[in-house]
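See below for the structure under consideration.
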Amino acid sequence: MIKSFTGTLLKPLYRQYYLLKWRQKHRKNKTVRLKVQQVAKVLEQFEQRDIPYVVLRWFEEVPLTVQQEQSFHEDVDLLIEPEKMDQIAELAGSFRGKMKCDLYSTTAKLGTSYLGMPYYPPVMAQEILAQRVKYKDQFYIPCPLHHFNGLAYHLVYHKGLESGIPSGCKLTTNPAPKRPYQQKLEELGEKLQIPLPQPYTLLALHEYLKSVHWDMPYDLLERWPRQNDWQRFLIEREKTLLQPWAEKLPQLAVFFLRSDIVDAGAVEEVYTLLEQKFTLLEKQQLNHEQQRRVMRMVRGGNWIEHKRTTVVPPCIAVVAYDFAPQDYPSDDPRQKRYPLVTNINMFYKHEVRTALNQSYPQQRKIIGLHGSDNAYEAQHMLEAVYGSDTPTMNQQLLERVSI
């Protein structure tokens, strides 16, 4: 009775301790790591408490007994919905142990990020959880296609040259990777009849992921915190594809108005504010397919509500042109923080946000507006909106700005 009473008292304390610890990890861009015992029971509790999750990979290795855990020296990677982090913290306190479980979420909040970034773009992560399946009636895993795509994404963009998979270019990879990643991925691909010739290369996998909209967005690649030769190769490759129209339309800008602007009834006000700095060329209401494509192709942190875990989708694309761009002054401190911005007029979106929050003080803080930082990002965003019609749209835009 005393032990049970003491345990009841400690649960809130453990919960608060872990939540505080995870906030500290979030501030340091580190990933939450649970240290538990009886991981099978922990995952069972996830299900009973309606906490959506999947074990991301290496399912056959997950220890299901205490004896198996004693000889297990890897970690278990979990993708979760972050709304119930307080319950997860309580479970971490109830099942304290030595087995490591890394937590990644659909929104990267509260320390559930990878290098401070979403592990997968949020819309992809949500799809993984929505279409999850049971593994041998024991715990949830991604469906077979998401397992392949998710593992390929991890190896191409997170592991890169350390995966041991040939690069497909002049770069050399680690000859002794931690695991037989290539063999595992090719076995999965063969079962799913993925249209890729073997042996796989990182470059071929990148092109495959692009074809199914499962690649790392170009504007996220540019901002990825762990840059290496492989990341830089991909960035330059993508820039080369965007370069022809980026050079023809050097001051093109694309803005996305999220649903928080639409819900506040502030769309026309945003148009008026943008017209004070830019010439608006197109206002495109996004249909379902365009909205889905934009959320997959344009970096996902922009679709998360401020300090929350709710996805706020883009609703309208505004294509604009700046006929009076301005370079950074030599002493402008913003240049170090925003090295990708080439025209400081793009910072005007911050003034638009401030004006909106002054106009609608009763609303939650409106982030609302997301914009390109340079001509290459503008072209990338145009592709997200118009898909195969992008060249036609570019030609029309060029004719309009050349008048």
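Once you've got the Cα coordinates, tell me which of Lys21/Lys178; Lys30/Lys100; Lys210/Lys239; Lys41/Lys84; Lys100/Lys136; Lys277/Lys349 are over 20 Å apart. Could the numbers behind the result be given before it?
Values: Lys21/Lys178 29 Å; Lys30/Lys100 15 Å; Lys210/Lys239 14 Å; Lys41/Lys84 17 Å; Lys100/Lys136 22 Å; Lys277/Lys349 10 Å.
In this structure, Lys21/Lys178; Lys100/Lys136 exceed 20 Å between Cα atoms.
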Worksheet item: So what J values fall out for segment 322-338 if you push phi through Karplus, 6.51 cos²θ - 1.76 cosθ + 1.60 with θ = phi - 60°, rounded to Hz, Gly and Pro as x?
Response: 10, 8, 9, x, 10, 7, 5, x, 4, 9, 6, x, 5, 4, 6, 6, 10
Discussion item. Quick check: from the Cα gyration tensor, does segment 2-219 come out rounded (a/c under 1.5), prolate or oblate?
Written reply: prolate
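From largest to smallest, what semi-axes in whole angstrom does segment 249-401 give when each is the square root of 5 times an eigenvalue of its alpha carbon gyration tensor?
Working: eigenvalues 98, 84, 46 Å².
The answer is 22, 21, 15 Å, longest axis first.
Please tell me the relative contact order of segment 249-401 in percent, rounded to the nearest whole number, where contacts are Cα pairs under 8 Å and at least six residues apart. Mind dumping the intermediate values first?
Working: 208 pairs, mean separation 58.1, N = 153.
Result for segment 249-401 is 38 percent.
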Worksheet item: Pick from Ser71, Ser105, Ser330: which is most flexible by mean-square fluctuation in a GNM of the chain where alpha carbon atoms under 10 Å apart are linked?
Response: Ser330
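Provide the net charge surrounding Lys248, with neighbours chosen by a C-beta distance below 13 Å and charges set as Lys +1, Arg +1, Asp -1, Glu -1.
Numbers: positive: Arg400; negative: Glu247, Glu399.
Result for the neighbourhood of Lys248: -1.
With the cut-off at 30 Å, tell me which of the pairs Lys159/Lys191; Lys134/Lys159; Lys248/Lys365 have Cα atoms farther apart than that.
Those over the limit are Lys248/Lys365.
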Worksheet item: Using a cut-off of 14 Å between alpha-carbon atoms, which aspartates and glutamates can reach Lys184, once sequence neighbours fewer than 8 places away in the same chain are excluded?
Response: Glu60, Glu61
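When averaged across all projection directions, what area in nm² does the alpha-carbon convex hull of the chain cover? Don't jump to the answer; show the numbers that get you there.
On the way: hull surface 93.6 nm².
Dividing the Cα hull surface by four gives the mean projection, 23.4 nm².
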Item to complete: Mind jotting down the distance between the C-alpha centroids of segment 150-206 and segment 240-297, whole Å?
Response: 35
Discussion item. Only Cα pairs within less than 10 Å get springs; with that Gaussian network setup on the chain, which residue of Lys239, Lys336, Lys248 has the largest fluctuation?
Written reply: Lys336
Practice prompt. Please identify the helices of the chain, taking whole runs of DSSP H, that span at least 24 Å along their own axis as judged from the Cα atoms and have a mean Kyte-Doolittle score of -1.0 or higher.
Written response: 2-27
Worksheet item: Just Val55, Val123, Val133 to compare: in a GNM of the chain, with alpha carbon springs under 10 Å, which one fluctuates most?
Response: Val133
Worksheet item: Counting alpha carbon pairs within less than 8 Å and at least 6 residues apart, what relative contact order, in whole percent, applies to the chain?
Response: 14
Item to complete: Let me have the 222 nm mean residue ellipticity of the chain computed from DSSP H runs of 4+ only, each contributing -39500 (n - 2.57), with the sum over all residues rounded to the nearest 500.
Response: -13500 deg cm²/dmol
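All of the numbers you see were taken from the coordinates with simple rules; none came from a lab. Worth saying up front: this structure is predicted, and the values here are computed from it rather than measured. Neighbour counts are summed over all protein chains in view; Cβ atoms, including those assigned to glycine, are modelled from backbone coordinates with ideal geometry.
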